[in-house]
Amino acid sequence: MPVSSRVYTETDVETFFDQTLNNYLSFWDSQGALHTGYFAGEGDQDYQAAQQRTSDMLAADAGIDESSYVLDVGCGCGNFLIHLAERFGCRGEGLDLSEERIRFAQKLAGDNPRIQFRHASATQMPYEPDRFTHVVSQDALCLVPDKERSHTEIFRVLRPGGLFAFSDFLQPQEAISERARKHVYDRVRWNGGYSLVGYQAALEMAGFEILLARNLGNHLKQTYRVLGKTAQERSQTASEDAAREWMLAFSASCKEIQVAIDDREFGWGMIVARKPASARS
Ligand SMILES: C[S@@+](CC[C@H](N)C(=O)[O-])C[C@H]1O[C@@H](n2cnc3c(N)ncnc32)[C@H](O)[C@@H]1O
């Protein structure tokens, strides 16, 4: 059931992520990472280390090594896949709905022969069945309007026995206030998502076996606490009025987002699931 007053389409999501690339680069991460951090403790303010820790946790959960062939769905600017290829020597593909972000990822990857990035949707992937040993994703799949379809696609392109390891935003409860709708959901063109339990049920319906599920709302709250402060500080030195206003609006939203997390209107988790070894695509 969508929480928004309107239903966002893939085109709405694509436009948003194309148009906001430079805004996010200017204060979130200049290299393009755009996902939730896993912080070392309550006083930890180091977003860069925290976002890297999230990537390393997912890589460890998925058991990625040199022999892996990894697909990153909703790869954004490509940072996670580039990191995996550099650290483990694995091969991989990244796919994203935003052409601007894919262009950035291709530049960032340079001529690394082990990885490729493509502009495409999670609901219609340009890959043959059973291609990948692993599918990973960070904070992207919640944005897909037709989630059954993206789950079916992920199942199709994974090899039997392959692992799907991802983080995503959660909608812990049905009832969503106007404030959370405005500052959390409508802000990023998000129709609504699953609770952690609902997510596992949906993946089981698609044929997956659940191996692990973590509820990590406290790290989500710290991410917005730290980034809200950064946006506020950077707004003071922004040279363009539009950029300054965007950062100030984001920083104000961060306060509301933290309230929404406390009120269980917004959450974050990690899940690892397996396509059964006996499965057919
Ligand atoms: C919050 S960003 C995360 C980006 C990246 N995973 C990261 O960690 O930096 C969400 C990304 O999901 C992408 N996305 C949203 N819907 C998608 C879809 N249907 N297919 C592929 N990518 C999608 C957006 O374009 C955006 O780049």
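Which members of segment 48-76 meet the condition of being of a type in the set (S, T, N, Q) and either within 16 Å of LEU216 (Cβ to Cβ) or in contact (Cβ under 8 Å) with a residue 60 or more places away in the chain (or both)?
Of everything in segment 48-76, those that are of a type in the set (S, T, N, Q) and either within 16 Å of LEU216 (Cβ to Cβ) or in contact (Cβ under 8 Å) with a residue 60 or more places away in the chain (or both) turn out to be GLN51, GLN52, THR54, SER55, SER67, SER68.
If a residue has to be within 10 Å of the ligand (Cβ to nearest atom) and either buried (at least 23 other Cβ atoms within 10 Å of the Cβ) or modelled with pLDDT under 95 (or both) to count, how many in segment 60-113 make the cut?
So the answer is 17.
Can we say ASP18 is among the acidic types (Asp, Glu), in a loop (DSSP other than H, G, I, E, B), surrounded by fewer than 23 Cβ atoms within 10 Å (Cβ to Cβ) and within 12 Å of the ligand (Cβ to nearest atom)?
No: the conditions fail for ASP18.
State the number of residues belonging to segment 21-54 that are in a loop (DSSP other than H, G, I, E, B), near the ligand (Cβ under 10 Å from one of its atoms) and of a type outside the set (D, E, K, R).
Result for segment 21-54: 7.
So is VAL13 within 11 Å of the ligand (Cβ to nearest atom), of a type in the set (A, V, I, L, M, F, W, C) and in contact (Cβ under 8 Å) with a residue 24 or more places away in the chain or not?
Judged against the criteria, VAL13 is a match.
Could you tell me whether any residue of segment 188-211 is closer than 23 Å to PHE17 by Cα, part of a helix (DSSP H, G or I) and without any contact (Cβ under 8 Å) to a residue 40 or more places away in the chain?
Within segment 188-211, none of the residues are closer than 23 Å to PHE17 by Cα, part of a helix (DSSP H, G or I) and without any contact (Cβ under 8 Å) to a residue 40 or more places away in the chain.
What is the one condition in (1) assigned to a loop (DSSP other than H, G, I, E, B); (2) under 17 Å from the mean Cα position of the chain (by Cα) that ARG214 does not satisfy?
Single failed check for ARG214: (1).
Filter segment 245-268 down to residues that are of a type in the set (Gly, Ala, Ser) and surrounded by fewer than 22 Cβ atoms within 10 Å (Cβ to Cβ) and give me whichever is nearest to ARG156 (Cα to Cα).
Out of the qualifying residues, it is SER253.
How many of the residues making up segment 61-94 are closer than 18 Å to THR11 by Cα and either of a type in the set (Gly, Ala, Ser) or touching an Asp or Glu at 6+ places or on another chain (Cβ under 7 Å) (or both)?
3
If you check ALA202, ALA231, which single one turns out to be buried (at least 18 other Cβ atoms within 10 Å of the Cβ) and of a type outside the set (D, E, K, R)?
Matching residue, one of ALA202, ALA231: ALA231.
Can you report the number of residues in segment 128-147 which are more than 15 Å from the ligand (Cβ to nearest atom), under 27 Å from LEU170 (Cα atoms) and in a loop (DSSP other than H, G, I, E, B)?
0
Return the only residue of PHE132, PHE208, PHE169, PHE164 being modelled with pLDDT of 95 or more, crowded, with 20+ Cβ neighbours inside 10 Å and under 28 Å from GLU42 (Cβ atoms).
Going through PHE132, PHE208, PHE169, PHE164 in turn, just one is modelled with pLDDT of 95 or more, crowded, with 20+ Cβ neighbours inside 10 Å and under 28 Å from GLU42 (Cβ atoms): PHE169.
Mind checking which residues of segment 101-127 are part of a helix (DSSP H, G or I) and closer than 21 Å to SER150 by Cβ?
ARG101, ILE102, ALA105
The values are calculated or read from the model by the stated rules, or taken from the named source; none is laboratory data. As the structure is a prediction and not an experimental result, all values here were calculated from the model. Because the Cβ atoms are built from the backbone with ideal geometry, glycine has one as well, and the counts that use them run over all protein chains shown.
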